[in-house]
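Quick notes on the structure that follows.
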Number of protein chains: 2
Amino acid sequence: MATPHEPKQDRSRATRQRLLEATIDCLAETGWAAATVAVVAERAGVSRGAAQHHFPTREELITAALEYMFDSRNEQAKEEAARLSELVDGVARTEAVVAGLVESYTSSLFKAALQVWTHAAADPVLRERIVPLEAKFGRASHRRAVEALGVDDTDPVAHHLVQATLDLARGLGLADVLTDDSARRKEIVQQWSVTLHTALNAAH
Amino acid sequence: MATPHEPKQDRSRATRQRLLEATIDCLAETGWAAATVAVVAERAGVSRGAAQHHFPTREELITAALEYMFDSRNEQAKEEAARLSELVDGVARTEAVVAGLVESYTSSLFKAALQVWTHAAADPVLRERIVPLEAKFGRASHRRAVEALGVDDTDPVAHHLVQATLDLARGLGLADVLTDDSARRKEIVQQWSVTLHTALNAAH
């Protein structure tokens, strides 16, 4: 069967994706206020008319970018977890898992998400939209960290230490927003990994 | 000697402080964009003219508020550390120190600072102003946590675990921005305190 509209649909999908990726880059680099439909369209190399066809308002653009952001973060986390779960058990694996997790919180995706969260803190409508997405992402991240570390999540010690590791990663991500914190971060990740590994493998 | 100008100077100082406190409340509750001199003046119950006499531009108001914020955070941390260093050694003291630290990252001061950091991520001039203040605050917080925990900071394990605890606190603060995260946070604090205490007191 002929599908004459497909090439056009493909083009439309590609345009949409370019706009969403440009939105994330704009948010991460130039902040919330600068991420308008016009600026994003220019950055994506898309005409303003075409951009407005996809996203008539800034609100629709930001909401779609948020969903795209969560999907991208999930996708990245999934690939990372699959790669890490193949490593041999031991402190080296724990460190690889912690380092991978922490690095994901220093990406453009995290920096863009931070702009949205901070704006949402004072915008109840936006907040209502983000909170369920964030909760879903948090649960998925936790599940993947548990798998990658190969621990038993029904053990409250393991459960809470995995949670703490995700909170540490978020804090290290925030510490990297204003300056390059990579040298200090590397030392923290090494020490945390040793302490985490010992605690996860202690009899209790 | 007579000091005829003192009452007027006192009034002026009190007005200035009211404006700075109103700026922090505005930032924490209504976000970066809404914290203008006019809005802050109204919230502080100060005439717009008087506010502009103290802070001719928004930039000057935000910069002064930042310094005030760092002084307040330092002051709070100092009192907290003095109180905690009097507790008896043991896991209960470690937990009290960790809980106190973490709670300080869920205050209005942290939420206001988050608005400024996030805005500064895309504003090099503001960033340049904040980074030295942040570094100074970070060093002071670290020193106070070391004192309150009663550990030897020349030991790299202790040094990095105190740093990690501050990073964890920052991450937990960020997790509290969009929803009330206090129940989950309490469990994380309890578990991390036990793990930290064990690690700090292990022979190595």
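Computed values, structure above
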item: When residues of the stretch B:104-154 are limited to those that are in a loop (DSSP other than H, G, I, E, B) and over 14 Å from the mean Cα position of the chain (by Cα), the one nearest to the other protein chains (Cβ to nearest Cβ); result: B:Ala122
item: Any pair with Cβ under 6 angstrom, 6 or more apart, that starts in the stretch B:191-203 at a residue that is facing another protein chain (nearest Cβ under 7 Å) and under 16 Å from B:Val102 (Cα atoms) and ends at one that is modelled with pLDDT of 95 or more and crowded, with 19+ Cβ neighbours inside 10 Å; result: B:Gln191/A:His160; B:Trp192/A:Ala164; B:Thr195/A:Ala199
item: Residues located in the stretch B:142-173, provided they are among the hydrophobic types (A, V, I, L, M, F, W, C) and modelled with pLDDT under 95; result: B:Ala145, B:Val146, B:Ala148, B:Leu149, B:Val151
item: Whichever residue in the stretch A:173-190 is surrounded by fewer than 19 Cβ atoms within 10 Å (Cβ to Cβ) and either in contact with a Leu (Cβ under 9 Å, 6 or more places away or on another chain) or in a helix (DSSP H, G or I) (or both) and, among such residues, is nearest to the other protein chains (Cβ to nearest Cβ); result: A:Glu187
item: Condition check for B:Val157: closer than 15 Å to A:Gln191 by Cβ, at the interface with chain A (Cβ under 10 Å from one of its Cβ atoms), of a type in the set (Val, Ile, Thr) and surrounded by fewer than 23 Cβ atoms within 10 Å (Cβ to Cβ); result: yes
item: Checking A:Glu128 against (1) among the charged types (D, E, K, R); (2) exposed (fewer than 15 other Cβ atoms within 10 Å of the Cβ); (3) touching a Leu at 6+ places or on another chain (Cβ under 9 Å), the condition it does not meet; result: (3)
item: Matching residues, the stretch A:114-163, being within 18 Å of B:Ala33 (Cα to Cα) and touching a residue at least 24 places away in the same chain (Cβ under 8 Å); result: A:Leu114, A:Gln115, A:Val116, A:Thr118, A:His119, A:Leu126
item: Residue ID - surrounded by the most Cβ atoms within 10 Å (Cβ to Cβ), chosen from residues in the stretch B:64-80 that are of a type in the set (Gly, Ala, Ser) and modelled with pLDDT under 90; result: B:Ala77
item: Check on B:Val97, away from chain A (no Cβ under 14 Å) and farther than 15 Å from B:Glu29 by Cα; result: yes
item: Helices (runs of 4 or more DSSP H) enclosed by the stretch A:1-68 - at least 2 residues per element that are among the polar types (S, T, N, Q) and farther than 23 Å from A:Glu134 by Cβ; result: A:6-30
item: Which numbered condition B:Val98 fails, given (1) in a helix (DSSP H, G or I); (2) more than 20 Å from B:His142 (Cα to Cα); (3) of a type in the set (Val, Ile, Thr); result: (2)
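Residue-by-condition table, conditions (1) surrounded by fewer than 16 Cβ atoms within 10 Å (Cβ to Cβ); (2) within 30 Å of B:Arg139 (Cα to Cα); (3) at pLDDT 95 or above:
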| residue | (1), (2), (3) |
| --- | --- |
| B:Thr3 | yes, no, no |
| B:Lys8 | yes, no, no |
| B:Ala22 | no, yes, yes |
| B:Ala28 | no, yes, no |
| B:Gly45 | yes, no, yes |
| B:Thr57 | yes, no, no |
| B:Ile62 | no, yes, no |
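The values are calculated or read from the model by the stated rules, or taken from the named source; none is laboratory data. Computed from a predicted structure; not experimentally measured. No Cβ is skipped: glycine too gets one built from the backbone with ideal geometry, and neighbour counts run over all protein chains shown.
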